[in-house]
């Protein structure tokens with residue numbers, strides 16, 4: 001049986017960019033992130049593969065696990081290459097790089113929740129399931145991360 | 001989540017993550033490499049066939065090893081030429097100490113020099 005190829009392709013088109021950005025936030029290069037993404041989707045195309053009813057959290061978790069495995073097995077640490085992983089609204093490369101820099105400076109656990117919530121378009125509860133942490137913890141980390149990003153991107157606090 | 005949080009999220013979502021490379025179907029990589037491998041394999045096979053043809057066309061010189069086989073020596077025994085055969089093989093197969101530069105010749109020269117230096121003959 002397996003998962004219909006068309007369904008896999010549709011998921012790849014829909015979630016691929018967010019999954020790639022998420023993967024890249026865990027591993028150290030775009031090439032590694034691409035490989036991890038391909039690995040997950042190739043498994044999904046296996047004849048015995050099963051797609052859960054909620055594919056989004058499943059795919060983000062699969063990408064996360066694949067990336068963490070790859071990161072653990074990485075033999076040496078090198079300086080990450082400068083790669084643009086986002087397109088800014090007005091096409092400004094410098095803004096996109098600024099965003100990446102700010103994301104990179106967040107602690108891992110905060111960056112992950114931001115990636116899942118903002119670009120993975122998940123609820124805090126779904127993101128917490130992917131990260132296997134309590135929802136309250138996820139919400140707390142997200143608030144801290146937003147506070148840091150707010151300071152950088154200049155969205156005022158209206159209180 | 002406050003209104004500010006939503007505003008910041010909207011701002012952040014304005015940054016669109018870039019699309020990944022096209023998805024490679026399982027086996028597509030193999031298919032992409034296959035013609036290249038097939039070409040290489042065909043070229044290698046042609047080279048082997050051509051080399052064998054040339055070797056078969058060339059007259060094979062009789063090697064000393066072929067005359068030193070058990071069968072060849074048996075034939076020499078039956079023909080009463082065993083000693084002659086061994087003498088011929090010895091000349092062909094064993095190192096000739098009389099030739100300049102050969103290992104035995106050099107070893108012999110060195111040995112003689114040492115004897116001279118040591119006050120021998």
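The values are calculated or read from the model by the stated rules, or taken from the named source; none is laboratory data. In this text, all values refer to a predicted model and were calculated from it rather than measured experimentally. All Cβ positions, even for glycine, are placed from backbone atoms using ideal geometry, and neighbour counts span all protein chains on display.
Return a yes/no flag: does the stretch A:125-137 have any residue that is buried (at least 16 other Cβ atoms within 10 Å of the Cβ) and either within 12 Å of chain B (Cβ to nearest Cβ) or in contact with a strand residue (DSSP E or B) (Cβ under 7 Å, 6 or more places away or on another chain) (or both).
no
Any residue at all in the stretch A:113-122 that is over 15 Å from residue A:60 (Cα atoms), free of Cβ contacts under 8 Å to residues at least 24 places away in the same chain and surrounded by 15 or more Cβ atoms within 10 Å (Cβ to Cβ)?
no
Suppose we filter the stretch A:42-95 for residues that are surrounded by 18 or more Cβ atoms within 10 Å (Cβ to Cβ) and modelled with pLDDT under 90; how many remain?
Within the stretch A:42-95, residues that are surrounded by 18 or more Cβ atoms within 10 Å (Cβ to Cβ) and modelled with pLDDT under 90 number 1.
Which one of A:33, A:18 is under 22 Å from residue A:145 (Cα atoms), in contact with a helix residue (DSSP H, G or I) (Cβ under 7 Å, 6 or more places away or on another chain) and within 11 Å of chain B (Cβ to nearest Cβ)?
Matching residue, one of A:33, A:18: A:18.
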